[in-house]
Amino acid sequence: MADVFLQYHGDSLYLAAFAASLAFLYWREKKKQGAAGKKAVTALLLAVVFVFNEAAYQIVGRLTNATTYYRFFWMLPVVFLLAYTFTEAVFEGNRIQKIFAAAAFLLCLFAGANLFFLNRENYNRPINIYGLDPNVITIADAIMDDWDSGQGLARGKDQPTAAFDMYLEYQVRTYEPRILWGISRQAYLYQARHGYDHKKYVRQQHMIAAVHEGIQNDGKALRRSLIKNGVDYLAIRSEFDMDSYLAAISVISVAQSDTYTLYRVMP
C-alpha cells in the first residue's frame, strides 16, 4: 500500500494541506462552539478507518485493481475536506480569513494548476506543467508529428496505435489521448500474473515481451502480432538495443528521447 500511495502523489503537499485543513476545522469548531471539533475528529477517524490502512487497501484489491484505483479512495477524503475548508474560509470566515483564502487561490492560479503536486524533489513550478516524465512528452509529440506528416493519411486511419511498456502507457494517455493503445491493460495484468504462457492475449504477449522487456524472440511472430493488432508505432527503451532486430521485420527507428527509441511499423 505504501508504494502505491507514494506513486500517486502520496509524498506531495496534498497531505500537508489535509492536515492543515483538519487543524483549521478543529480550531474553528472549538472557538465557535467551545467544544472539541467533532467534524475534524470524525473526518480524521473515517479517513484512518476506511482509507489509510492496509486492511482497506486489501479490500479494495479484492474488489478491483488496487494498484490503479486505490488512489481514488485516498484522494476522496483529502480533496473533499480541502474544498470544504476553503469554502468555509471564504463564505463564513472573518475578513482576515477571507483575505488569506483569496491569496491562496491567487497563488494557485499563478503557480499553476498542479501546485499541490509539488513534491520533495521539485519545490518550484515545473517547466513540464503536466508533471509527466519528459520521455512521455517527447515520444507522444514525435508520434503525432510523424502521423500528421502523412502517415495517417497513407494508412487511412484517423488515430495512431502505439505499443508502450506499462510505465509509458499509463502516462501517454494523460498527455495525448489521440494515441490508441496497442497493448491493453488487461493483457499487461494477465501477463504479470501468468507470465508468457501464450494461452490468452497471445499476440499482445509477443508485443509485451518486446516493448516491456526487450526480448528478441521470433521476429516473424512479433511482426504478425503488430499487423493483426493494427500497431503503427513501438516505443522501447534504448538500452534494449532493438534496432537490428526490428529492422529485420520492417520496423524502423524514427525518433528518440532520453530513454526511449520510437519505431514506426512499416506497412
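The values are calculated or read from the model by the stated rules, or taken from the named source; none is laboratory data. What you see is a predicted model; the values in this text were computed from it and never measured. FYI the Cβ positions are ideal-geometry reconstructions off the backbone, even for glycines, and counts take in every protein chain you see. The area values use the complete protein model at the heavy-atom level, side chains included, leaving out ligands, DNA and RNA. Shrake-Rupley method; radii C 1.70, N 1.55, O 1.52, S 1.80 Å.
Across segment 211-225, what is the total count of residues that are open to solvent by less than 20 Å² (accessible area, probe 1.4 Å) and touching a residue at least 40 places away in the same chain (Cβ under 8 Å)? So the answer is 1.
Taking first residues from segment 239-265 that are more than 18 Å from Asn135 (Cβ to Cβ) and partners that are part of a loop (DSSP other than H, G, I, E, B) and open to solvent by less than 10 Å² (accessible area, probe 1.4 Å), the Cβ contacts under 9 Å between residues at least 6 apart in sequence or on separate chains come to Val251/Met242; Val265/Val231; Val265/Asp232.
Considering segment 163-209, and only residues there that are of a type in the set (Val, Ile, Thr) and crowded, with 16+ Cβ neighbours inside 10 Å, the residue that is nearest to the chain's Cα centre (by Cα) turns out to be Val172. Please verify whether segment 226-238 includes one or more residues that are surrounded by fewer than 16 Cβ atoms within 10 Å (Cβ to Cβ), in contact with a strand residue (DSSP E or B) (Cβ under 6 Å, 6 or more places away or on another chain) and touching a residue at least 60 places away in the same chain (Cβ under 8 Å). Scanning segment 226-238 turns up at least one residue that is surrounded by fewer than 16 Cβ atoms within 10 Å (Cβ to Cβ), in contact with a strand residue (DSSP E or B) (Cβ under 6 Å, 6 or more places away or on another chain) and touching a residue at least 60 places away in the same chain (Cβ under 8 Å).
Taking (1) in a loop (DSSP other than H, G, I, E, B); (2) modelled with pLDDT of 95 or more; (3) within 26 Å of His194 (Cα to Cα); (4) over 23 Å from the mean Cα position of the chain (by Cα) in turn, Leu226 satisfies each apart from (1). Only one of the numbered conditions (1) at pLDDT 75 or above; (2) part of a helix (DSSP H, G or I); (3) open to solvent by less than 40 Å² (accessible area, probe 1.4 Å) is violated by Ile59, and that is (3). The residue that is farthest from Leu46 (Cα to Cα), counting only those in segment 74-101 that are open to solvent by 70 Å² or more (accessible area, probe 1.4 Å) and aromatic (Phe, Trp, Tyr), is Phe100.
Listed by first and then second residue, the pairs with beta-carbon distance under 7 Å, at least 6 apart or on different chains, first residue in segment 143-157 and under 18 Å from Trp181 (Cβ atoms), second open to solvent by less than 40 Å² (accessible area, probe 1.4 Å) and among the hydroxyl-bearing types (Ser, Thr, Tyr), are Ile143/Tyr233.
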